[in-house]
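Structure in structure tokens, see below.
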């Protein structure tokens, strides 16, 4: 049994086909070693519509000598396809630890305008494959409007143009729960999102019972994606890395790979064992805001914090730490200030405390990014938000709805309570 197996799920049946070949070439600069297996399932696009599995060797990559299995054309948006890959990878290449990478376009939790998301994909390529379709993918894709409005609908990742499908929030959760069962009730050690916008509290909360560490970006990712050669080289040199240490290494190598570019990037590693504590801290903040919504100055405080907060490609995705900091600094209400500080403490970037075990950001547009974002719409709350596990189990959505309902109502004075 090796120390690590990397299972990379390359959903390349879209405008990322060539990027998948390039990333496999990066992997092959190091390849599998006596302590680490590098395993890829690559669904290709266009005339190359095959899906193949590879055991990547040094000097190999997307080549015949590394190909160990050819499958019929697959749909990367079908959860069973990812489940089958995980099961096969664990059985064929057992290891003490597993890094599962889901590689493709990403859109965070939101599914409101799903195939519009290909215009902001992690690979900012010109003329994305799907720009002519209706913004609501559900009328065209295999997952219908009924599914979209059902329990757990949300996150979009692993887009497959040929099948007009992708993994939504409930489906991604299903895949990780299956992996949890296949490893005898052991969590996936590290889940990597080589995709845009995925490190959100709404996304990772959904996966907390089946994943130990997630690594991903709050912002869109540039065309280069992860630097697989740098990451695998570090792991090959020290295969005894723990899941937390590997998460920290991925964040650091990703950051280093963009230092001499003009790209603005974010990357962070999150410890999901601590996500419940963060969710409870956000609940306390939501309660404090709800209790004071009609107090003089509070709605203006919230409006200013939302306006000034670090936001990302989707303006409704705000950095949670920065939002809490602004609410603390702008508010004169003690309960709000205390609750906001509590959220900041729960996020604390540390290997031993807080949800964020590592984070890096580069560039002026993401200068106040701190590792995890949260949904805070400027207008009405999406009707699909309530279906997320996070929204169903906690009170942030209640605050959002109440705030948007009351923000135009007159405030009341609360005397010296301010």
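Can we say residue 337 is in the same structural domain as residue 293 (by TED's automatic domain parsing), farther than 21 Å from residue 244 by Cα and surrounded by fewer than 22 Cβ atoms within 10 Å (Cβ to Cβ)? Spell out how you get there, then give the answer.
On the way: in the same structural domain as residue 293 (by TED's automatic domain parsing): yes; farther than 21 Å from residue 244 by Cα: yes; surrounded by fewer than 22 Cβ atoms within 10 Å (Cβ to Cβ): yes.
Criteria met by residue 337.
Kindly indicate whether residue 207 is in the same structural domain as residue 95 (by TED's automatic domain parsing) and farther than 24 Å from residue 314 by Cβ. Don't jump to the end; show me each part of the working.
Details: in the same structural domain as residue 95 (by TED's automatic domain parsing): yes; farther than 24 Å from residue 314 by Cβ: no.
Taking the combined requirement at face value, the residue does not satisfy it.
Oh, and also: Let me confirm something: among 236, 262, which residue is surrounded by fewer than 21 Cβ atoms within 10 Å (Cβ to Cβ) and part of a loop (DSSP other than H, G, I, E, B)?
Only one candidate qualifies: 262.
Follow-up question, since we're still on this one. Which helices (runs of 4 or more DSSP H) sit wholly inside segment 309-417 and have at least 1 residues that are over 22 Å from the mean Cα position of the chain (by Cα) and at pLDDT 95 or above? Full working, then the answer.
Values: elements: 320-330, 334-347, 389-393, 396-406.
Passing ranges, in order: 320-330, 334-347, 396-406.
What are the residues in segment 356-372 that are within 18 Å of residue 328 (Cβ to Cβ) and touching a helix residue (DSSP H, G or I) at 6+ places or on another chain (Cβ under 6 Å), if any?
The answer is 356, 368, 370, 372.
Just to be sure before I move on: is residue 294 at pLDDT below 95 and over 28 Å from the mean Cα position of the chain (by Cα) in the structure I sent? Show your work before the answer.
Details: at pLDDT below 95: yes; over 28 Å from the mean Cα position of the chain (by Cα): yes.
For residue 294, the condition - at pLDDT below 95 and over 28 Å from the mean Cα position of the chain (by Cα) - is met.
How many residues, within segment 246-255, are out of contact with any strand residue (DSSP E or B) (no Cβ under 6 Å at 6 or more places or on another chain) and crowded, with 18+ Cβ neighbours inside 10 Å?
Here is the first cut: in segment 246-255, the residues out of contact with any strand residue (DSSP E or B) (no Cβ under 6 Å at 6 or more places or on another chain) are 249, 252-253.
Checking which are crowded, with 18+ Cβ neighbours inside 10 Å leaves us with 249, 253.
Matching residues across segment 246-255 total 2.
Now a separate question. If you go through segment 173-220 one residue at a time, how many are in a strand (DSSP E or B) and over 13 Å from the mean Cα position of the chain (by Cα)?
Step one: of segment 173-220, the residues in a strand (DSSP E or B) are 188-194, 200, 211-216.
Now drop any that are not over 13 Å from the mean Cα position of the chain (by Cα), which leaves 188-189, 212.
Selection size over segment 173-220: 3.
Of (1) outside the structural domain of residue 368 (by TED's automatic domain parsing); (2) surrounded by fewer than 22 Cβ atoms within 10 Å (Cβ to Cβ), residue 268 satisfies all except one. Which?
(2)
What's the number of the only condition in (1) touching a residue at least 60 places away in the same chain (Cβ under 8 Å); (2) buried (at least 23 other Cβ atoms within 10 Å of the Cβ) that residue 54 fails to meet?
(1)
Still on this structure, I have one more. Given the conditions (1) over 19 Å from residue 301 (Cα atoms); (2) surrounded by 20 or more Cβ atoms within 10 Å (Cβ to Cβ), report the number of the one that residue 375 does not fulfil.
Single failed check for residue 375: (1).
Just to be sure, is residue 331 under 30 Å from residue 191 (Cβ atoms) and in contact (Cβ under 8 Å) with a residue 12 or more places away in the chain?
Working: under 30 Å from residue 191 (Cβ atoms): no; in contact (Cβ under 8 Å) with a residue 12 or more places away in the chain: yes.
Spelling it out, it is not the case that residue 331 is under 30 Å from residue 191 (Cβ atoms) and in contact (Cβ under 8 Å) with a residue 12 or more places away in the chain.
Quick one: which of 284, 304 is closer than 24 Å to residue 345 by Cβ, in the same structural domain as residue 382 (by TED's automatic domain parsing), under 26 Å from the mean Cα position of the chain (by Cα) and part of a helix (DSSP H, G or I)?
Working: 304 fails: under 26 Å from the mean Cα position of the chain (by Cα).
Answer to the check: 284.
Is it fair to say residue 75 is modelled with pLDDT under 90, over 24 Å from residue 207 (Cα atoms) and surrounded by 19 or more Cβ atoms within 10 Å (Cβ to Cβ)? It would help to see each step written out before you state the result.
Values: modelled with pLDDT under 90: yes; over 24 Å from residue 207 (Cα atoms): no; surrounded by 19 or more Cβ atoms within 10 Å (Cβ to Cβ): yes.
Spelling it out, it is not the case that residue 75 is modelled with pLDDT under 90, over 24 Å from residue 207 (Cα atoms) and surrounded by 19 or more Cβ atoms within 10 Å (Cβ to Cβ).
A further question on this structure: Please indicate, with yes or no, whether at least one residue in segment 381-398 is touching a strand residue (DSSP E or B) at 6+ places or on another chain (Cβ under 6 Å), over 19 Å from residue 294 (Cα atoms), in contact (Cβ under 8 Å) with a residue 60 or more places away in the chain and buried (at least 20 other Cβ atoms within 10 Å of the Cβ). Explain how you work it out, then say what you get.
Going through segment 381-398, the residues touching a strand residue (DSSP E or B) at 6+ places or on another chain (Cβ under 6 Å) turn out to be none.
There is no residue in segment 381-398 that is touching a strand residue (DSSP E or B) at 6+ places or on another chain (Cβ under 6 Å), over 19 Å from residue 294 (Cα atoms), in contact (Cβ under 8 Å) with a residue 60 or more places away in the chain and buried (at least 20 other Cβ atoms within 10 Å of the Cβ).
Related question: Restricting to segment 177-199, name every residue that is surrounded by fewer than 24 Cβ atoms within 10 Å (Cβ to Cβ) and within 21 Å of residue 279 (Cα to Cα).
177, 187
Which condition from (1) surrounded by 18 or more Cβ atoms within 10 Å (Cβ to Cβ); (2) in contact with a strand residue (DSSP E or B) (Cβ under 7 Å, 6 or more places away or on another chain) is the one that residue 274 breaks?
Going through the list (1) surrounded by 18 or more Cβ atoms within 10 Å (Cβ to Cβ); (2) in contact with a strand residue (DSSP E or B) (Cβ under 7 Å, 6 or more places away or on another chain), residue 274 breaks only (2).
The values are calculated or read from the model by the stated rules, or taken from the named source; none is laboratory data. All of these numbers come straight from a predicted model, not from anything done at the bench. A quick note on method: Cβ atoms are made from the backbone with ideal geometry, for glycine too, and the neighbour counts reach across all protein chains shown.
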